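The structure appears below as structure tokens.
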Amino acid sequence: DSGVTQTPKHLITATGQRVTLRCSPRSGDLSVYWYQQSLDQGLQFLIQYYNGEERAKGNILERFSAQQFPDLHSELNLSSLELGDSALYFCASSATGFGTEAFFGQGTRLTVV
Amino acid sequence: SQQGEEDPQALSIQEGENATMNCSYKTSINNLQWYRQNSGRGLVHLILIRSNEREKHSGRLRVTLDTSKKSSSLLITASRAADTASYFCATDEGGSYIPTFGRGTSLIVHP
């Protein structure tokens with residue numbers, strides 16, 4: 001158990017809908033990362049937050065947004081969903097986000113139908 | 001963005017044998033991390049090695065880093081069927097500290 005908790009584990013929704021994925025980092029970790037894993041794209045970095053502030057952006061679509069709350073949990077919002085958004089979404093946390101180990105949650109499997 | 005590239009893409013061995021996976025990258029890094037992923041599950045952190053380190057051990061795992069060749073290797077000694085998984089290296093572009101992943105090596109260990 002990495003100590004990173006993601007909910008829900010599975011999500012099935014229709015095209016055009018909006019969903020929210022949740023992540024609780026390991027106790028004491030200030031940095032949260034979001035990744036998308038699909039068969040064709042591999043593991044893609046989406047966005048990083050550090051202590052409530054956005055720190056880095058990767059290949060995140062404009063339809064996607066995220067935030068990190070004062071209690072350090074994070075949410076990833078995916079809207080206007082398309083079939084191609086079906087993937088595993090992972091959250092990872094690290095103590096500082098500056099060269100410390102990143103520990104991953106079990107992921108949320110999103111299926112868009 | 002930079003990615004580590006693992007080699008080989010797939011590896012099939014017998015229990016008890018050693019497994020070696022390699023990772024190459026393109027630009028300078030601050031650190032490199034190795035992860036294991038069982039099918040459809042989360043990534044398990046194995047080892048982080050910093051750019052000023054050459055070798056690290058953890059149990060049956062040995063990781064080396066050669067910054068002059070921009071490459072790293074993961075050695076699993078005395079492999080077990082339970083080691084069957086995909087193994088990924090994650091590098092960070094110099095200054096970014098963002099773990100960026102390659103496509104991974106799929107390891108199958110036959111009992």
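The values are calculated or read from the model by the stated rules, or taken from the named source; none is laboratory data. Remember, predicted model here, so these are calculated numbers, not experimental data. Please note: Cβ atoms are built from the backbone with ideal geometry, for glycine as well, and neighbour counts cover all protein chains shown. Calculation scope for accessible area: heavy atoms of the full protein, side chains included, ligands and nucleic acids excluded. Shrake-Rupley method; radii C 1.70, N 1.55, O 1.52, S 1.80 Å.
Count, please, the residues in segment A:79-90 that happen to be open to solvent by less than 40 Å² (accessible area, probe 1.4 Å) and not in a loop (DSSP other than H, G, I, E, B). Residues flagged as open to solvent by less than 40 Å² (accessible area, probe 1.4 Å) and not in a loop (DSSP other than H, G, I, E, B) within segment A:79-90 amount to 5. Only residues that are without any contact (Cβ under 8 Å) to a residue 40 or more places away in the chain and small (Gly, Ala, Ser) were counted in segment B:49-82, giving 5. The single condition among (1) part of a strand (DSSP E or B); (2) closer than 19 Å to B:His45 by Cβ; (3) of a type in the set (Gly, Ala, Ser) that A:Ser2 does not meet is (1).
Count of segment B:13-37 residues, restricted to those that are within 14 Å of chain A (Cβ to nearest Cβ) and assigned to a loop (DSSP other than H, G, I, E, B), is 3.
Of the set (1) touching a residue at least 40 places away in the same chain (Cβ under 8 Å); (2) in contact with a Lys or Arg (Cβ under 8 Å, 6 or more places away or on another chain); (3) within 17 Å of A:Gly84 (Cα to Cα); (4) not polar (S, T, N, Q), all apply to A:Gly3 but (3). Screening A:Trp34 on (1) among the hydrophobic types (A, V, I, L, M, F, W, C); (2) under 17 Å from A:Phe103 (Cβ atoms); (3) not in a strand (DSSP E or B) shows it passes everything except condition (3). Restricting segment A:8-45 to residues that are within 14 Å of chain B (Cβ to nearest Cβ) and farther than 13 Å from A:Phe90 by Cα, the residue that is nearest to the chain's Cα centre (by Cα) is A:Ser31. Considering the conditions (1) outside any strand (DSSP E or B); (2) among the aliphatic types (A, V, I, L, M); (3) buried (at least 18 other Cβ atoms within 10 Å of the Cβ); (4) modelled with pLDDT of 95 or more, B:Ile98 is excluded by exactly one of them, (4).
B:Gly40 - would you say it is over 10 Å from the mean Cα position of the chain (by Cα), within 13 Å of another protein chain (Cβ to nearest Cβ) and exposed (fewer than 13 other Cβ atoms within 10 Å of the Cβ)? It is true that B:Gly40 is over 10 Å from the mean Cα position of the chain (by Cα), within 13 Å of another protein chain (Cβ to nearest Cβ) and exposed (fewer than 13 other Cβ atoms within 10 Å of the Cβ).
Quick check, is A:Gln48 part of a strand (DSSP E or B), within 14 Å of another protein chain (Cβ to nearest Cβ), polar (S, T, N, Q) and buried (at least 20 other Cβ atoms within 10 Å of the Cβ)? Answer is yes for this residue.
Look at segment A:23-38: where a residue is within 20 Å of A:Leu83 (Cα to Cα) and a partner is surrounded by 23 or more Cβ atoms within 10 Å (Cβ to Cβ) and hydroxyl-bearing (Ser, Thr, Tyr), sitting 6+ places away or on another chain with Cβ atoms under 6 Å, you get A:Gln36/A:Tyr89. Kindly indicate the residue of segment A:91-113 that is more than 7 Å from every other protein chain (Cβ to nearest Cβ), out of contact with any helix residue (DSSP H, G or I) (no Cβ under 9 Å at 6 or more places or on another chain) and not in a loop (DSSP other than H, G, I, E, B) and also most open to solvent (accessible area, probe 1.4 Å) among those meeting that condition. Result: A:Arg109.
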